[in-house]
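Asker: What follows is a structure written as structure tokens; I'll ask about it next.
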Amino acid sequence: MDLLGKLMVSPDQRIRAAATRLLYHQHQNLTLLSTAVKDPHPRVRREAVTTLGQASDPKAVLIALQVLQQPMDTFLDFALWRTCRLLEPQWLPAFQAGSLDFGEDADALAFALQAIERPEALAPLVTMIRQGNAHNGAMLRLIGKIGSSADLQALIPLRQTDAGLALIEAAEIRGILPAKTASIQEACARWLKTSPEIGLRLIGLWNLTEFLDTAVQALTSPHSTAAAFSVAELGQANALIQVAKDPKAKLAHRVTTTVALANISPSEAANNTAQLLQEPISLANVDSLIGNLLRKKGGITALTSALHGQSIDAKVAIQATRFVETSGLAAPKLTVALTKAGALPATSPQNLTNTQITALLVQVAKGDAKRGKTIYGREALACVVCHAIDGHGGVIGPDLSSIGASAPADYLIQSLLKPSEKIKEGYRLSLLTLNNGDVISGTITSEDQSVLVVRNAAGQESRVPASTIKSRHTSPISMMPSGLTASLREDEWIDLIAYLASLGKLE
């Protein structure tokens, strides 16, 4: 097993996958499989999840469900679903007897219960709640994820924050409200006093128009985000516009109300976004403003028109342009409008012939990898926002810790020059078209029968109810912008490739 353990940490994902497959007949080694389900490559994770389906230990399902913390795809989802069903005779009795603890991971437990199609397993939990017994937050959240309308009623008297979050999730994702609607006004009033963020969000989700004035007043409070989305759900555009256009209002509140305004009036939100982009807003706010408009039907056209003749800071324009380019949506006119507004130099993908690439490889072999590491960390390139190396960095793109050992230098060159032609499996953009015509783009990090979790280029996650999706397909566009390295000098470019080519190689 020592040799097998060494093979499972090989820099080559094919070797790791083959080693994991060997464990199919030695599934008692849960330690190695626990490492494999967290592997950066989806193929290795899938082999681990499949192998765990042969285990006899109830804890195997807990290990398999850890894969939900990594990017998911259709094959992984099916493998996990099948493993949960195969292990049902082991884990379900243990769970019901209280000897298998899912901890605070309500998402994992919800996936497992949905896989075996046993929502009735919640019945003992609901009974205990009604009897006043204490429960951890994960159990309460689970009712919000898969409980019935009658089950939700058991949460109404509770004061725990997790109970309120469960009620929000049930309404927001599944459109389910507690059975006895007469009691929800009282519950919302209580939440407004004890946890305003929850109470304000429930106003819109439960369509409690009698609390509209409360939500409007909270648009300029510390809980403005929850208030703004509820006001939008109640269709009160004028209340949002009043704050969004008020020069005396805090910038944060103007941004929040503008983002929510896009849900009911994309044209008004676009006009206000064009104004806000001229102010000293954070790059995170740029992502929020642009992101919510891009997803709304007509939002791209409205923002393109609103930017005509405007002048915005170059950094803001770069951030907005990068977000648009990595959205997977066709918005060339908006990109041009942002480039003009920010007075940015036009960039285009670099093109090299095979002869030029061959000559470049010779120089890369002599490049300065240490200097390349510094170039990689430059804020303007934003590499660390999307990619992780040795546990540091983002999770939007592939982990680059061993990229040099698994990919030749010419592949790295082409990936940077034309990222849309070299998209790694598991990191392709998905485009979801909703029933109302909105479009959401990003990588699907997890999904089940009720909801898809989509992460966009800024790392923001959206929970999309499955029932609202009309169609979905894969975008041919990479989340990495083309022309990203066009600003580098030739020596900097060579050193950057030298650094990437050195990652994962034994010294």
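Asker: Considering amide H positions built from the backbone, and no H for Pro or chain starts, which residues 5 or more places from Gly342, or on another chain, come under 5 Å of its amide H?
Answerer: Ile312
Asker: Mind ranking 261-267, 399-405 by how tightly packed they are, going by the mean number of other C-beta atoms within 10 angstrom, highest first?
Answerer: Sorting 261-267, 399-405 by mean packing, highest first, produces 261-267, 399-405.
Asker: Among Ser183, Ser288, Ser462, which comes first, then next, by fewest other beta-carbon atoms within 10 Å?
Answerer: Numbers: Ser183 13, Ser288 22, Ser462 17.
Listing Ser183, Ser288, Ser462 from fewest to most nearby Cβ atoms yields Ser183, Ser462, Ser288.
Asker: Next question, about the same structure. Please arrange Met139, Met72 by how many other C-beta atoms lie within 10 Å of their C-beta, fewest to most.
Answerer: Listing Met139, Met72 from fewest to most nearby Cβ atoms yields Met139, Met72.
Asker: Right, something else. Treating only the Cβ of Lys, Arg, Asp and Glu as charged (+1, +1, -1, -1), what charge dipole size does segment 75-151 show about its Cα centre? Round to the nearest 20 debye.
Answerer: Once rounded to the nearest 20, the dipole reads 120 debye.
Asker: For the residues Glu490, Glu461, what sequence is obtained by ranking on other C-beta atoms within 10 Å, fewest first? Spell out each step's value before the answer.
Answerer: Numbers: Glu490 9, Glu461 14.
The order, fewest Cβ neighbours first, is Glu490, Glu461.
Asker: Is it possible to state the helix-based mean residue ellipticity at 222 nm for the chain, with each DSSP H run of 4+ residues giving -39500 (n - 2.57), the sum divided by total residues, to the nearest 500 deg cm²/dmol? What is it?
Answerer: On the way: 29 runs with 267 residues, N = 507.
Taking each H run of at least 4 residues, the total per residue is -15000 deg cm²/dmol.
Asker: Around Ile300, what is the net charge, scoring Lys/Arg as +1 and Asp/Glu as -1 over all other residues with Cβ under 14 Å from its Cβ? Don't skip to the end; give the middle numbers.
Answerer: On the way: positive: Arg295, Lys296, Lys297, Lys333; negative: Glu325, Asp438.
Here the charged neighbours net out to +2.
Asker: Sorted by packing (mean other beta-carbon atoms within 10 Å per residue), highest first, where do 328-339, 97-108 land?
Answerer: Ranked by mean Cβ neighbours within 10 Å, highest first: 328-339, 97-108.
Asker: Answer with one residue from Gly459, Tyr427, Leu338: the one whose Cα lies farthest towards the positive end of the charge dipole of the chain, charges on Cβ with Lys, Arg +1 and Asp, Glu -1.
Answerer: So the residue we want is Leu338.
Asker: What order, most packed first, do the peptides 220-226, 491-497 have when packing is the mean number of other Cβ atoms within 10 Å of each residue?
Answerer: 491-497, 220-226
Asker: Here is a further query. Whole-Hz Karplus ³J(HN,Hα) for segment 317-328, in order, using 6.51 cos²θ - 1.76 cosθ + 1.60 and θ = phi - 60°, x for Gly and Pro?
Answerer: 5, 5, 4, 5, 5, 4, 5, 5, 5, 9, 7, x
Every read-out reported here was derived from the displayed coordinates using simple, explicitly stated rules and does not represent laboratory data. The model shown is predicted, which means the values in this text are computed figures rather than measured ones. No Cβ is skipped: glycine too gets one built from the backbone with ideal geometry, and neighbour counts run over all protein chains shown.
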